[in-house]
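Reviewing the structure listed below.
The values are calculated or read from the model by the stated rules, or taken from the named source; none is laboratory data. Bear in mind the structure is a predicted one, so any value in this text is a computation, not a measurement. Positions of Cβ are backbone-derived with ideal geometry, glycine not excepted, and every protein chain shown enters the neighbour counts. Side chains are part of the model used for accessible areas, which takes the heavy atoms of the whole protein and leaves out ligands, DNA and RNA. Shrake-Rupley method; radii C 1.70, N 1.55, O 1.52, S 1.80 Å.
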Amino acid sequence: MQFGLFGGARTKRGVGFEDSQGYDSFIEYVIEADRLGFRQLFMVEHHFTSHGQVSASMTVLSYLAAKTRHIRLGTAVVVVPWHNPVLVAEQVATLDLLSGGRVDFGVGKGYRHNEFVGFAVPMEEADARFNEALDESQRMMFRVGVHLGEVIVDQEDQNIFGDGVNLAARIQAIAEPGGIAVSRAVKDVTELRIDYAFVDGGEHAFKNVSRPVHVYHIRTASGASTKTTTRVVPLVVLRLEGADSAGQKYGFDVALDKLMAASQGMVIGRAAEQCELVVAHATVSRRHARLSLAGETLQVEDLGSTNGTSVNGTALRSGTPATLQVGGKLRLGDVKLTVRQL
């Protein structure tokens, strides 16, 4: 069994206690540990804490390298997003030479918001900055899956579950390393508001999900592949877009060749697991209406929705289809949509 030290020098607030005393006592402590045969020391790095913690751990370790003979000297950790990685690499290499090869170099990405603020580094950039400093084989490539659906919070044990959580977890598994994958529900809601392309990832069958889920991979618009479904018109694509009474935008696209292939038409509603076309609004029922083709005529049918469906201001009876033309107005609950051809 081997023993080591973890921590760092700290100063205490108080009359007559100088910063140097905190360092002096810590250095004596490490020198004695080296004499007693302790295996290694790992030093932390913190800034702007008001607790007198070491902020220049590499400097302290350089001093300890000259005062000790056997104990290994480690960083736990150097927070890479706050530093120039090339400069840090040079400092560590120099310290390793001066110590006779006794350095164990540990890195991290940081977790305290006030430290990022102090260095004027956005905390949301921590992952990217951390990965940039590492060799490609060592990088942490996160996958993100996003779905729009119901989220239920268990107040007793603070667990969350529901369609919004369960499907997102399954979509995450097929996202590309370092990428974001989303369901069609997310695409339909965000497509009109963000400057990104949605690359068609096809339909996937997931465990405990009754119907295939259409998945899209997010790309920056400038690097979009020709597979991007929002840029490629199969034959004829209709876009239904508009807003609710509060001005919140909604919309979705309908490719007529896919609508032709759907013998039962396509259902519009807020429940992504039950609908092909999602309008995630509180006044839209889980299965609100159905789009279908009768010959070359586009029709819409209310499916017994709570807040009703209307075409060009005329309310529809449940189960009675009505014709919907380009330029026409479709209202689902509080959401008003206009039909356009792309």
In what sequence, highest mean first, do 312-318, 99-105 appear when ranked by Cβ atoms within 10 angstrom?
99-105, 312-318
Quick one: work out the % antiparallel among DSSP beta bridges in the chain, nearest 5.
75
The range 1-85: mean projected area of Cα convex hull, nm²:
6.5
Once Rh is set to the Kirkwood radius over Cα pairs, what Stokes-Einstein translational diffusion coefficient, in µm²/s, holds for the range 289-342 at a temperature of 25 °C and a viscosity of 0.890 mPa s?
221
Ranked highest first by the average count of other Cβ atoms within 10 Å around their residues, in what order do 119-131, 163-175 fall?
163-175, 119-131
Along the charge dipole of the chain, which of V80, V215, I180 sits closest to the positive end, that is, farthest toward it, with unit charges on the beta carbon of Lys, Arg, Asp and Glu (+1, +1, -1, -1)?
V215
Which of the listed residues, Q91, Q341, Q155, is farthest toward the dipole's positive end in the chain, when Lys, Arg count +1 and Asp, Glu count -1 at the beta-carbon?
Q341
Looking only at the range 63-222, where both bridge partners belong to it, what percent of the DSSP beta bridges are antiparallel (to the nearest 5)?
65
How large is the helix-only mean residue ellipticity at 222 nm for the chain, computed as the sum of -39500 (n - 2.57) over DSSP H runs with n ≥ 4, divided by its residue count, in deg cm²/dmol to the nearest 500?
-6500 deg cm²/dmol
Charge sum, other residues only, whose C-beta stays under 14 Å from E241's C-beta, Lys/Arg counted +1 and Asp/Glu -1
+4
Compactness of the chain as Cα Rg over 2.2 N^0.38 Å, two decimals:
1.47
For the range 81-212, what are the per-bin percents of Cα-Cα distances with bins 10 Å wide, up to the bin holding the maximum?
10, 26, 27, 21, 11, 5, 0
Can you list which of the chymotrypsin sites (Phe, Trp or Tyr not before Pro) found in the range 145-207 are DSSP loop residues with at most 15 other C-beta atoms within 10 Å?
none
Round to a whole angstrom and tell me the spacing of the C-alpha centers of the range 165-215 and the range 83-154.
28
Charged-residue dipole, Cβ positions (Lys, Arg, Asp, Glu), the range 1-136 about Cα centre, Debye nearest 20:
560
What relative contact order, as a whole-number percentage, does the chain give when Cα pairs under 8 Å and 6 or more residues apart are counted?
9
Keeping every protein chain present and rolling a 1.4 Å probe, give me the accessible area per residue for the chain in Å².
55
